[in-house]
Amino acid sequence: KAGVTQTPRYLIKTRGQQVTLSCSPISGHRSVSWYQQTPGQGLQFLFEYFSETQRNKGNFPGRFSGRQFSNSRSEMNVSTLELGDSALYLCASRAGGTDTQYFGPGTRLTVL
Amino acid sequence: DQQVKQNSPSLSVQEGRISILNCDYTNSMFDYFLWYKKYPAEGPTFLISISSIKDKNEDGRFTVFLNKSAKHLSLHIVPSQPGDSAVYFCAARKTSYDKVIFGPGTSLSVIP
């Protein structure tokens, strides 16, 4: 099976712009979670989607949003980018009823 | 509010010796715990997990110990190998439908 894929791998934006990141889960996985990783903060949970519905949400401002499509692919959007949004954004998928998440390689976002 | 804590940002161990990575949590509702390993430029990969009904789980060189009364778990790697050098994340969740909370990670260096 192909693993979790994320596009793009690298992105450079300027403050105030918006960005959309994409995640394709492992075939058959209906749960997709998004995390932000910054140095010293570990992986901060953004949200989880399951069958096109947001099932869990972390403590991020409304500028961070996401969605999931019927084929389980997911996108996350960040509007009005700030310098502090520079981070590695990781997507993870898991099969229903299991706990093991499989992570993609991440998208490295740099905000200038 | 950091619900999962890894108080040692880094750890150095000689090859062949034991590596002990520690993790503390604050939420007594956590029911399931996982360890992930992350190499640079890659997403985290699942290593080992433990349910709250157990106090030990072993998989080859990796053993996880859980002390529920102390809200503490540890990952033991014996013997440590240079290829084990990575960042190790401790994670926890309440129910199988709940979000997975990660700690900040511990960077392990195994010195040949």
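The values are calculated or read from the model by the stated rules, or taken from the named source; none is laboratory data. What you see is a predicted model; the values in this text were computed from it and never measured. Neighbour counts are summed over all protein chains in view; Cβ atoms, including those assigned to glycine, are modelled from backbone coordinates with ideal geometry.
In table form, for the structure just shown:
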| item | result |
| --- | --- |
| Pick from region B:27-36, criterion under 15 Å from B:Ser69 (Cα atoms) and crowded, with 17+ Cβ neighbours inside 10 Å, ranking: farthest from the chain's Cα centre (by Cα) | B:Phe30 |
| Single residue of A:Arg9, A:Arg15 found to be at pLDDT 95 or above, touching a Pro at 6+ places or on another chain (Cβ under 8 Å), loosely packed, with under 15 Cβ neighbours inside 10 Å and within 24 Å of A:Ser79 (Cβ to Cβ) | A:Arg9 |
| Contacts under 7 angstrom Cβ, first residue in region A:34-45 being more than 9 Å from chain B (Cβ to nearest Cβ), partner surrounded by fewer than 22 Cβ atoms within 10 Å (Cβ to Cβ), 6 or more apart | A:Gln36/A:Gln44; A:Gln36/A:Ala87; A:Thr38/A:Ala87 |
| Counted residues, region B:79-112 - those being under 26 Å from A:Lys57 (Cβ atoms) and either at pLDDT 95 or above or under 12 Å from the mean Cα position of the chain (by Cα) (or both) | 9 |
| Answer residue from region B:37-61, given it is outside any loop (DSSP other than H, G, I, E, B) and in contact with a Leu (Cβ under 6 Å, 6 or more places away or on another chain) and is surrounded by the fewest Cβ atoms within 10 Å (Cβ to Cβ) among those | B:Ser49 |
| Hits in region A:94-112 (condition: of a type in the set (Ser, Thr, Tyr) and buried (at least 16 other Cβ atoms within 10 Å of the Cβ)) | A:Tyr102, A:Thr107 |
| Qualifying residue in region A:71-87 (condition: surrounded by 17 or more Cβ atoms within 10 Å (Cβ to Cβ), within 11 Å of chain B (Cβ to nearest Cβ) and either under 20 Å from B:Ala41 (Cβ atoms) or among the small types (Gly, Ala, Ser) (or both)) | no |
| Options A:Arg108, A:Arg55; residue that is under 13 Å from the mean Cα position of the chain (by Cα) and charged (D, E, K, R) | A:Arg108 |
| Cβ-Cβ under 6 Å pairs, at least 6 apart or on other chains, region A:85-112 side of a type in the set (Lys, Arg), far side not in a loop (DSSP other than H, G, I, E, B) | A:Arg94/A:Ser31; A:Arg108/A:Tyr10; A:Arg108/A:Leu88 |
| Single condition B:Asp24 does not satisfy, out of (1) farther than 23 Å from A:Leu88 by Cβ; (2) surrounded by fewer than 19 Cβ atoms within 10 Å (Cβ to Cβ); (3) at pLDDT 95 or above; (4) more than 14 Å from every other protein chain (Cβ to nearest Cβ) | (4) |
| Enumeration of residues in region B:62-112 that are within 16 Å of B:Lys37 (Cα to Cα), in a loop (DSSP other than H, G, I, E, B) and within 14 Å of another protein chain (Cβ to nearest Cβ) | B:Val100, B:Gly103, B:Pro104, B:Gly105 |
